[in-house]
Amino acid sequence: MVEKNLASPDQPPEEASGEIPPINHKGDPNEMSFLEHLEELRWRILKALAAIVLFAVLAFIKIDLVVGFLTAPALNLDQPVVLQALKVSDMFMVNLISSLMTGLVLASPVVLYQIWRFVNPALGKSTRWTTIGVVLFGTSFFLAGVTFGYMIILPFSLRFFASLGGDLVENNYSIHAYLGYVTWMMLAAGLVFQLPVISLILTRIGLLTPAFLRHYRRYALVAILVLAAILTPPDPLSQVMMAVPLLLLYELSILISKIFQPAELT
């Protein structure tokens, strides 16, 4: 005996069988959900951390060269400076900080690549050469900032602090505190030099325009002076030395925003 199909002729077969297909509210099968974005972010962070740890381990193998490089600005000053280990664990912390700092600098291309791969879907389609260009662009500016902090800001700031005591006070610094100061100055300069990269990304997303940057230039000047005062010691020379590159980077950001502005916004 043949069973009759009780479903109406206009009724879809999925509803007749009692199964309701999932509804795609966004209408885009390639759209990621919030949890999928979190999962993607987690893996990007893990890959970046793995690269930092790998390069940190390699730096720890040659830790004497790394520590010697980071302590050279203090030991080559005109005023005598003595670096001391004041705690039993100081040298371990110094080696650890120095290794992580070196690992972060060496792994900066990998970190920038992971950041770009995470934000790239919001920017639309991009080619392999676009990815390579952005990573090289960001890495170059980060390394330029780190170099600027090490070669320019750090010697001037150390010379300023060492001169405050004159001939009456010996400059005996804790090597742990010194390395913390050095890494902060270098990383702060490296991050500040990422301003053009941030301008490029925000422009491609549509959150930033060259007109906006030009309109708020005077407010940016005040913010740059405040930022330079925070990142540098309380002497005018160091603040000016940090503020001038920031102003140039801001003007460069306006140019980059104009070049990479989406066509529909021009």
Looking at Gln261 and the list (1) under 23 Å from Val134 (Cβ atoms); (2) at pLDDT 85 or above; (3) not in a helix (DSSP H, G or I), which single condition is not satisfied?
(2)
So Leu207 passes all but one of these: (1) assigned by TED's automatic domain parsing to the domain that holds Phe69; (2) without any contact (Cβ under 8 Å) to a residue 12 or more places away in the chain; (3) hydrophobic (A, V, I, L, M, F, W, C). Which condition number does it fail?
(1)
Quick one: Tyr216 ticks every box in (1) within 22 Å of Arg159 (Cα to Cα); (2) at pLDDT 85 or above except a single one, so which number is it?
(1)
Counted residues, region 67-96 - those being surrounded by 16 or more Cβ atoms within 10 Å (Cβ to Cβ) and either charged (D, E, K, R) or closer than 19 Å to Phe142 by Cα (or both)
2
In region 66-85, which residues are at pLDDT below 90 and farther than 12 Å from Tyr178 by Cα?
Asn76, Leu77, Asp78, Gln79, Pro80
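The values are calculated or read from the model by the stated rules, or taken from the named source; none is laboratory data. In this text the structure is predicted, and so the values were computed from the model without any measurement. FYI the Cβ positions are ideal-geometry reconstructions off the backbone, even for glycines, and counts take in every protein chain you see.
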